[in-house]
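The values are calculated or read from the model by the stated rules, or taken from the named source; none is laboratory data. If you're wondering where the values come from, they're calculated on a predicted model, not measured in any experiment. Counting neighbours? That spans all protein chains shown, and the Cβs are built from the backbone with ideal geometry, glycine included.
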Amino acid sequence: MNNEYHILNGDSLRQQFPKQIDGEVIVARECLVDGEVKSDSLDELFKVRAKFITEYGNYTIEDYYTNTVSEFEKIRKIPEKSDINLWFEDDLFCQVNFWFSINLILNSVRNCNVFLIRPNIHTQYGFGGLNELELIKAFEQRTPIIKIDKIASLWNSYQKNDLEKLIRTAKELEATFPFIYRTVEAHIDRIPSGNYPGRPAQTLIEIMKELKTESFGPIFKEFNKRESIYGFGDLQVKRLFDEIKNKTPKENNIN
């Protein structure tokens with residue numbers, strides 16, 4: 001029997017991960033969907049990300065290397081002939097981390113079987129909305145990833161901001177992984193253009209108008225309902241929210 005490795009999309013899933021499922025658990029503690037990702041090497045990427053993560057608040061560069069880089073290093077050390085199970089959802093937050101993890105596997109690990117596990121029931125709660133039996137069932141229905149190089153290239157295109165290649169690759173994968181194409185479209189939609197601030201920011205502006213409030217709690221809750229495709233946590237949405245509040249009403253197109 002092959003060694004089993006499980007790469008999870010966050011600590012929440014680790015806390016509810018069924019004990020009946022054998023294997024070593026690795027947690028992808030990143031939010032590559034947010035902040036700078038351009039770099040010429042993996043080491044440089046970690047330096048760039050460590051600096052960015054400190055902007056979130058009470059998190060040091062040392063914390064990043066201890067809690068995040070150490071987990072990615074575990075991926076690089078997975079032995080040959082292992083089964084690697086990637087537990088990632090369909091939203092942009094998860095998908096960018098998924099593409100990076102696949103790229104890391106492609107460039108570090110040899111002769112392994114790679115599988116994708118997604119929630120059988122797709123809601124805004126993702127894996128968090130599943131009970132233990134449903135998580136076990138999702139594992140049993142895992143999907144083999146055959147075109148690992150194609151998915152790995154999504155990370156390269158995302159990192160270089162090569163939108164043309166990103167959408168082209170997503171279309172090539174659409175027959176097998178249709179959710180990737182939808183996620184790539186959502187990524188492209190979030191890019192500001194002219195007076196348009198990008199889809200997430202525009203949605204926040206519309207919510208603020210409709211709810212007639214600048215209270216973050218209800219705005220964040222409504223944003224998650226409307227834009228679950230992004231998978232943003234409170235930190236990502238708060239950054240956008242603060243940027244909007246710091247602009248003038250004219251800049252935000254608020255009449």
Identify all residues within the range 163-179 that are under 18 Å from the mean Cα position of the chain (by Cα) and outside any helix (DSSP H, G or I); write none if there are none. Phe177
Are any residues in the range 158-176 free of Cβ contacts under 8 Å to residues at least 40 places away in the same chain and crowded, with 18+ Cβ neighbours inside 10 Å, and if so, which ones? Leu166, Thr169, Ala170, Leu173
Among the residues listed as Glu210, Glu227, Glu251, the single one being acidic (Asp, Glu), surrounded by fewer than 17 Cβ atoms within 10 Å (Cβ to Cβ), modelled with pLDDT of 95 or more and not assigned by TED's automatic domain parsing to the domain that holds Thr183: Glu210
Which of the residues spanning the range 193-227 are outside any helix (DSSP H, G or I) and at negative phi? Ser193, Asn195, Tyr196, Pro197, Thr213, Glu214, Ser215, Glu227
Of residues in the range 1-57 being modelled with pLDDT of 95 or more and of a type in the set (Val, Ile, Thr), the one surrounded by the most Cβ atoms within 10 Å (Cβ to Cβ): Ile7
Could you please find all residues in the range 21-37 being assigned to a loop (DSSP other than H, G, I, E, B) and touching a residue at least 40 places away in the same chain (Cβ under 8 Å)? Ile21, Gly23, Ala28, Arg29, Glu30, Cys31, Leu32, Val33, Asp34, Val37
In this structure, is Ile188 touching a Leu at 6+ places or on another chain (Cβ under 7 Å) and part of a helix (DSSP H, G or I)? yes
Failed item in (1) among the β-branched types (Val, Ile, Thr); (2) out of contact with any helix residue (DSSP H, G or I) (no Cβ under 9 Å at 6 or more places or on another chain); (3) part of a loop (DSSP other than H, G, I, E, B), with Ile78 passing the rest: (2)
It is to be established whether one or more residues within the range 91-102 are over 30 Å from Lys225 (Cβ atoms) and in the same structural domain as Gly35 (by TED's automatic domain parsing). no
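Per-residue answers, yes or no, for (1) at pLDDT 95 or above; (2) exposed (fewer than 14 other Cβ atoms within 10 Å of the Cβ):
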residue	(1), (2)
Asn67	yes, no
Ile75	yes, no
Lys81	no, yes
Leu86	yes, no
Ile102	yes, no
Pro119	no, no
Thr123	no, yes
Glu140	yes, yes
